[in-house]
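Just below is one structure, and these are the notes that go with it.
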Amino acid sequence: MKNNRLLPFILPLMAIPALVISIALKNPSSADTAGLILPSGFEANIVADNLGSARHIAITKQGDIYVKLNRAKNGKGILYLHQTGDKATVVNGFGNYAGTGMYIKNGYLYASSNEDVYRYKLNDKDEVINPNEPERIVVGLLNRHEHESKSIVLDNNGNIYVNVGAYSNSCQEKDRQKGSMGRKGCPILDSAGGIWEFKADKLNQHYGDGIHYAKGLRNVVGLDWNQQDNQLFVMQHGRDQLHDLFPDLYTTQQSAIEPAECLYAIKEGDNAGWPYIYYDQEKHEKILAPEYGGDGRKTAGEGTINPAVAFPGHLAPDGLLFYTGNQFPERYKNGAFIAFHGSWNRAPEPQAGYFVVFQPFKDGRPDGKWEVFADGFAGTQTQKESGNAVHRPCGLAQGLDGSLYVTDDNKGTIYKISYKK
Amino acid sequence: MKFIKFASSILFMLIISTSLKAQIKHSSRSSKVHLALSIANGKAVYTQNCATCHQVDGHGVQNMNPPLIQTSYVLGDKTKLIKIVLNGFNEDVEINGNTYSNTMPSHDFLKDQEIADVLTYIRHSFGNKASAVSVAMVKSARGATKK
């Protein structure tokens, strides 16, 4: 009994050194990293918090923020925040639909639900003029609750590119069923598992009005238009559960790191090969999927494209941004930032990811090895490895001043990362 | 936190071992041992077949795979629970206030004993406390499911 009464006093005392150590470890350089681990010279601050499931994000010329929520909160699926100094406050919300896509181009805000794409005209202060009357430009995309988000990006010719994820892991007869084989001539590919191109200014376009721009992409969440070589780049979420579904062919350890999460440079008509193949980032080869007769070694995939960069498995790339700003040091210019949401199907092996990666580029091509740019979103090592990450990076955007914004769809936090040499 | 966990687990072990001793005296030993064995086997089945999606500690994955902690499915009707494992589950229902987009496949390839063990395990883990699932129940649920 005595012990019980002492505990409340002893525990906080014990916690102090632990706290000091953890703060010291997290912030080697300065206190201004908002709990993140960043390269030296960079700072981060939390501009907004507790917004809900903050997915993709767009920053206006005035530094204001539009963020898309994965679940509408109080009937609002898009939040508009006004930024003063390093804080942003919610001005209003609109668009009562769930979704992921959010992009600003040529005086319009574009947003996607899990079935449709909308746009809203902006005034000269980049405020939405008519929040309750968007123009619906694309309608009726497939949503079968698996890989349902529709990410969007625009090119410089009035076209919008929309991802339609496959409602399946590997096109098995029975999705995610142990040992179930692949469906012949995978029928999913007709209306999902690819990228569609539509006109950015035409109303009510259906599949048939668009161009089936790229095929064989299982699920894309992060995508961006590379301004240097005027080309679409996408990050594919590679297939899950090699060991669970084919335990005789793959160990849990192999299954935890394979297959790769791939960055692809996309041209019209490209096929990335899902579900028939996956990319093995250790062997640097396209491997025949076990559902289609593969044994973990047989290669396949003639006529399919190779990745520009192959990352370790299951890290879940949800945001891609080519950095065109002038604030960061020169080496970042035109390189790619990728927000990795963090793994789940590495279990029972430890989970990984929950960070923002930088991939250097030169002349529109990857140049050198990728590196972790911002880490520490997950919290402690235990929180990270058990999959109980506190924050999970998702959307990326660049401010007019060259700052990098990162959303977190778990706690609804928006981080702003700046270079302050 | 760690200290509390440590202290309470020691306390827990003490209580268990004393109560086990008492149990032995009262000769309901075999049922206790049976339960412990079922939980231990169930944990292995869980790690192999369920942990990928529901995670080692049963908390699931945000928006994708639901938690197995204090849900009406885990704690509720055992026949319904057995059928989730046998037939899979893709109903897009709200589970503790959220929806989950992934598909749970059928696990009818598991033996009756394995299903009984894994369900007994989840009903005794992750903070859940509910009665064991028997092989006989799985057998009869499987019989009813067969076309």
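Observations
- Charge dipole of the range B:38-145 (Cα centre as origin; +1 on each Lys and Arg Cβ, -1 on each Asp and Glu Cβ, all else neutral): 320 debye, rounded to the nearest 20.
- Anisotropy class of the range A:4-419 from Cα gyration tensor, a/c 1.5 cut: oblate
- Packing, taken as the mean count of other beta carbons within 10 Å per residue, orders the peptides A:93-106, A:244-257, B:90-103, A:160-173 from highest to lowest as A:160-173, A:93-106, A:244-257, B:90-103.
- For the pair A:K73 and A:L249, a Förster radius of 51 Å applied to the C-beta separation gives a FRET efficiency near 0.70, rounded to the nearest 0.05.
- Reachable aspartates and glutamates from A:K384, criterion Cα separation under 14 angstrom, eight or more residues apart if same chain: A:E349, A:D375, B:D57
- Farthest toward positive dipole pole in the range A:118-158 [+1 Lys/Arg, -1 Asp/Glu at C-beta], among A:G140, A:N157, A:L122: A:G140
- Listed as lacking a disulfide-compatible partner in chain A: A:C262, A:C394, by the criterion of no other cysteine Cβ under 4.7 Å.
- Cα-centred dipole magnitude for the range A:4-419, charges only on beta-carbon of K, R (+1) and D, E (-1), debye, nearest 20: 560
- Summary of the geometry: the range B:26-77 and the range A:317-380, compared by the centres of their Cα atoms, lie 36 Å apart.
- Among A:G208, A:G387, A:G273: highest mean-square fluctuation, GNM of chain A, C-alpha pairs under 10 Å: A:G208
- Annotation: lysines with alpha-carbon distance below 22 angstrom to A:K174 (same-chain offsets under eight excluded): A:K184, A:K215, B:K80, B:K83, B:K111, B:K146, B:K147.
- Taking the DSSP beta bridges with both ends in the range A:147-285, the antiparallel portion is around 95 percent.
- Partner chain coverage, peptide B:58-66 - average Cβ within 10 angstrom: 4
- With θ taken as phi - 60° and the Karplus curve 6.51 cos²θ - 1.76 cosθ + 1.60 applied, the whole-hertz 3J(HN,Hα) list for the range A:176-190 is 6, 8, 3, x, 5, 8, x, 6, 5, x, 2, x, 4, 5, 5 Hz, x standing for glycine and proline.
- Rounded to the nearest 0.05, the FRET efficiency derived from the C-beta distance between A:Q227 and B:S30 at R0 = 56 Å is 0.15.
- Partner lysines for A:K333 [C-alpha distance under 20 Å; skip if fewer than 8 residues away on the same chain]: A:K61, A:K362, A:K369, A:K416, A:K420, A:K421
- Listed peptides A:62-72, A:291-301 by packing density, highest first (mean Cβ within 10 Å): A:62-72, A:291-301
- Dipole of the range A:175-239, positive direction: furthest Cα of A:L223, A:Y213, A:G193, with charges on the beta-carbon: A:G193
- Mean residue ellipticity (222 nm) of chain A, computed from DSSP H runs ≥ 4 via -39,500 (n - 2.57), nearest 500: -3000 deg cm²/dmol
- Charged side chains reduced to their Cβ positions (Lys and Arg at +1, Asp and Glu at -1) give the range A:161-303 a dipole of some 320 debye around its Cα centre.
- Look at the alpha carbon pairs under 8 Å that are at least 6 residues apart: their mean separation over the length of the range B:38-145 gives a relative contact order of 32 percent.
- Taking each residue as 0.36 nm, the span from A:M181 to A:N204 lengthens on full extension beyond its C-alpha to C-alpha distance by 4.5 nm.
- Toward the positive end of the charge dipole of chain A, with +1 on the Cβ of Lys and Arg and -1 on the Cβ of Asp and Glu, the farthest Cα among A:A72, A:Y332, A:A260 is that of A:A72.
Just so you know, all these numbers are worked out from the coordinates, no wet-lab data involved. Since this is a predicted model, take the numbers as computed values, not measurements. So basically every Cβ, Gly included, is an ideal-geometry build from the backbone, and we count neighbours across all protein chains shown.
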